[in-house]
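To keep things clear, I will list the structure first and then write my remarks on it.
The values are calculated or read from the model by the stated rules, or taken from the named source; none is laboratory data. All values reported here derive from a predicted model rather than from experimental measurement. Cβ placement follows ideal geometry from the backbone for every residue including glycine, while neighbour counts extend to all protein chains displayed.
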Amino acid sequence: MTRPTNHDFPAWVRYLAESGRLTPSADNSQPWRFVFDGHALGVEFEPSRGGTLGRDHPAVLLAFGALEENLRQAAAHAGIDAAAWRRGNFPADERLLTIPAPTQTAVPDTPPAALSRRHTNRAPFRTEPLPESLGTELAAMTEDDVRVQVFDRRDQIRRLADLIRRASRLRFQSEKIHRWLAQSLRFTPEEAARGDGLAVETLALPPGGRALSRFLADWRRQAFLNRFGIHRLLARIEASQLTRCGALVALTGPADEAAAWLAAGRLLQRVWLRLTEDGIAVHPYFVLPDLLQRLARGDIPAAQQEFARRTATAARAFLGEPQLFMLLRTGVPRKTPPRAARLPLEAILTLGTANRRQT
């Protein structure tokens, strides 16, 4: 494939790709590409950015569901009829969507403002509950069998924070997860300017947090200090941050399959955009859903399996559903940290040939 300039693409292609570019993804990995063959725009998995997880990983499926939601909201905003869009058999195939050229090609110059405003805020929030009418509205939102639960009582929040603490203890002992996160961190302005990964400035770390994160980025150091319980300390710090909120919003459902994760991604993005509309900050927590998935896949070391099973049983009993897709910390923001950058459009949009083979 060639490396074109943005001027090589029709306005509607640039508009949709720019809207998709604003989608959240695991540690800002942005594991997608947009391929225009002169007739249609394909939305595909990009192995160079998501290959460590794989396109069937739940975090990737969530991101692609959110991506589809962004694209459909952008299309509706521009008056583009999405009825002719074709969904691929994702993740079995690398392509999520094929979008033929619309008959109406006059589009706005920029993506919808709502998509641009949405971002992750990891700073502390105020602790007053969400407005009752907003909580009721969120609780009524669904996508297929995925639904929303809103927890705003302090005892509920403390219980969920304890479950996050337990899941985080295991996460900080996982070499695979540690290495994924470490390679995502961007410590310098030059690294952050690349437009992918997690710029440390966006993490709202306490004093000394940057230096500690850099020190622990080496797994050998983390593993050594875990012998003395640093994983317990880090897990407590993470859980205490979770309690500084107005409500925890959970996306749950009965099914653990690719279609359910894609549906959860679409619902996640709608919930996030709705909260942003009312000035409510959002911080997603995937550590507990990830624990449930790793336990189901047999990806928990034998010495930790009993602790993981007890945590999973407690989580499912509390939520009343077998599957947790995402947990959101929400509330009125006390401050707004810097926002994560995005890859430039030319890095995710390219020209390709018609009838690209699926893999």
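Here are the numbers for the structure shown:
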| item | result |
| --- | --- |
| Hey, E321 in the same structural domain as R49 (by TED's automatic domain parsing), among the charged types (D, E, K, R) and either at pLDDT 95 or above or farther than 19 Å from I280 by Cβ (or both) or not | no |
| Neighbours by Cβ (under 6 Å, 6+ apart or cross-chain): first from the range 37-60, closer than 18 Å to R87 by Cα and assigned by TED's automatic domain parsing to the domain that holds G265; second at pLDDT 95 or above and basic (K, R) | none |
| Residue in the range 149-165 that is surrounded by the fewest Cβ atoms within 10 Å (Cβ to Cβ), counting only those that are assigned to a helix (DSSP H, G or I) and among the β-branched types (V, I, T) | I157 |
| Test: L67 is of a type outside the set (D, E, K, R), at pLDDT 95 or above and out of contact with any Asp or Glu (no Cβ under 7 Å at 6 or more places or on another chain) | yes |
| Any hit, the range 204-226, residues being touching a Phe, Trp or Tyr at 6+ places or on another chain (Cβ under 8 Å) and aromatic (F, W, Y) | no |
| Residue among E191, E277, E257, E175 that alone is of a type in the set (D, E) and more than 30 Å from E68 (Cα to Cα) | E175 |
| Residue match in the range 43-50 (condition: of a type in the set (D, E, K, R), in contact with a helix residue (DSSP H, G or I) (Cβ under 8 Å, 6 or more places away or on another chain), modelled with pLDDT of 95 or more and not in a loop (DSSP other than H, G, I, E, B)) | no |
| Options A264, A239, A255, A259: the member that is over 17 Å from the mean Cα position of the chain (by Cα) and under 13 Å from L61 (Cβ atoms) | A255 |
| Criterion: of a type in the set (K, R), closer than 21 Å to L291 by Cα and not assigned by TED's automatic domain parsing to the domain that holds W32 - qualifying residue of R210, R158, R154, R186 | R158 |
| Close pairs from the range 223-252: first farther than 23 Å from K335 by Cα, partner acidic (D, E) and assigned to a helix (DSSP H, G or I), Cβ under 9 Å, at least 6 apart | A223/E175 |
| Residue under evaluation D256, criteria (1) at pLDDT below 95; (2) outside any loop (DSSP other than H, G, I, E, B); (3) under 29 Å from L22 (Cα atoms); (4) assigned by TED's automatic domain parsing to the domain that holds P322, criterion not met | (2) |
| Selection status of T142, exposed (fewer than 15 other Cβ atoms within 10 Å of the Cβ) and in contact (Cβ under 8 Å) with a residue 12 or more places away in the chain | yes |
| Elements of type strands (runs of 3 or more DSSP E) contained in the range 276-359, each with 3 or more residues being among the hydrophobic types (A, V, I, L, M, F, W, C) and closer than 29 Å to E175 by Cα | 323-331 |
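Here's the yes/no breakdown for (1) touching a Phe, Trp or Tyr at 6+ places or on another chain (Cβ under 8 Å); (2) modelled with pLDDT of 95 or more; (3) outside the structural domain of G65 (by TED's automatic domain parsing); (4) not β-branched (V, I, T):
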{"site": "T243", "(1), (2), (3), (4)": "no, no, yes, no"}
{"site": "G246", "(1), (2), (3), (4)": "yes, yes, yes, yes"}
{"site": "G265", "(1), (2), (3), (4)": "yes, yes, yes, yes"}
{"site": "L273", "(1), (2), (3), (4)": "no, yes, yes, yes"}
{"site": "I280", "(1), (2), (3), (4)": "no, yes, yes, no"}
